[in-house]
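The values are calculated or read from the model by the stated rules, or taken from the named source; none is laboratory data. Bear in mind that the values here come from a model prediction, so they are computed numbers and not experimental data. For neighbour counting, all protein chains shown are included, and Cβ atoms are generated from backbone atoms with ideal geometry for every residue, glycine included. Only protein heavy atoms, including side chains, enter the accessible area calculation; ligands, DNA and RNA are left aside. Shrake-Rupley method; radii C 1.70, N 1.55, O 1.52, S 1.80 Å.
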Amino acid sequence: MRTAYDIIKRPIVTEQSMAAAADKRYTFEVAKDANKIEIAKAVEEIFGVKVAKVNTLNMQGKAKRMGRYPQGRRPSWKKAMVTLSEDSKTIEFFEGMV
């Protein structure tokens with residue numbers, strides 16, 4: 001049985017994701033095999049908020065070279081954009097970063 005912390009790996013902190021946080025839209029890296037329902041339940045459990053919508057993207061790993069060696073790839077990962085409901089409170093973790 002996976003816990004909520006196995007599904008939500010880390011928050012994504014970029015300029016674009018911090019601008020979306022003003023609209024109660026938060027971005028996380030999640031487990032590759034997690035579905036939208038599991039992601040919504042995990043965010044609600046960890047942060048104590050009400051999730052309205054979840055959008056997911058499978059992010060392709062970037063091609064990289066290490067010196068003269070042949071080209072390799074960084075690992076692929078999954079990104080989730082979670083939108084909170086209007087009556088929900090905000091996530092305090094992101095408030096100091098904006």
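Go through THR56, THR27 for me and flag whichever is touching a Ser or Thr at 6+ places or on another chain (Cβ under 6 Å), under 15 Å from THR83 (Cβ atoms), at pLDDT 95 or above and open to solvent by less than 60 Å² (accessible area, probe 1.4 Å). Testing whether each residue is touching a Ser or Thr at 6+ places or on another chain (Cβ under 6 Å), under 15 Å from THR83 (Cβ atoms), at pLDDT 95 or above and open to solvent by less than 60 Å² (accessible area, probe 1.4 Å) leaves just THR27.
Report, by residue number, each residue of the range 31-74 that is part of a loop (DSSP other than H, G, I, E, B), small (Gly, Ala, Ser) and over 16 Å from THR3 (Cβ atoms). Steps first, answer last, please.
So the first thing to find is which residues in the range 31-74 are part of a loop (DSSP other than H, G, I, E, B), and the list is 31-35, 48-50, 60-62, 65-71, 74.
Narrowing the set further to residues that are small (Gly, Ala, Ser) leaves 31, 34, 48, 61, 67.
The answer is GLY61, GLY67.
Selection within the range 87-98: residues that are open to solvent by less than 100 Å² (accessible area, probe 1.4 Å) and among the aliphatic types (A, V, I, L, M). The member of this set that is farthest from VAL13 (Cα to Cα) is ILE91.
Once the range 4-15 is narrowed to residues that are touching a residue at least 24 places away in the same chain (Cβ under 8 Å) and in a loop (DSSP other than H, G, I, E, B), the residue that is nearest to the chain's Cα centre (by Cα) is ILE12.
When the residues of the range 75-86 are filtered to those that are assigned to a loop (DSSP other than H, G, I, E, B) and over 13 Å from GLU29 (Cβ atoms), which remaining residue is least open to solvent (accessible area, probe 1.4 Å)? Write out each step before concluding.
First pass over the range 75-86, keeping only residues assigned to a loop (DSSP other than H, G, I, E, B): 75-76, 85-86.
This time we only want the ones that are over 13 Å from GLU29 (Cβ atoms), so: 85-86.
On the way: SER85: 19, GLU86: 170 Å².
So, considering only residues that are assigned to a loop (DSSP other than H, G, I, E, B) and over 13 Å from GLU29 (Cβ atoms), the one least open to solvent (accessible area, probe 1.4 Å) is SER85.
Could you tell me whether ALA63 is touching a Gly at 6+ places or on another chain (Cβ under 9 Å) and open to solvent by 30 Å² or more (accessible area, probe 1.4 Å)? Please lay out each step first, then the result.
Details: touching a Gly at 6+ places or on another chain (Cβ under 9 Å): yes; open to solvent by 30 Å² or more (accessible area, probe 1.4 Å): yes.
When the stated conditions are applied, ALA63 passes them.
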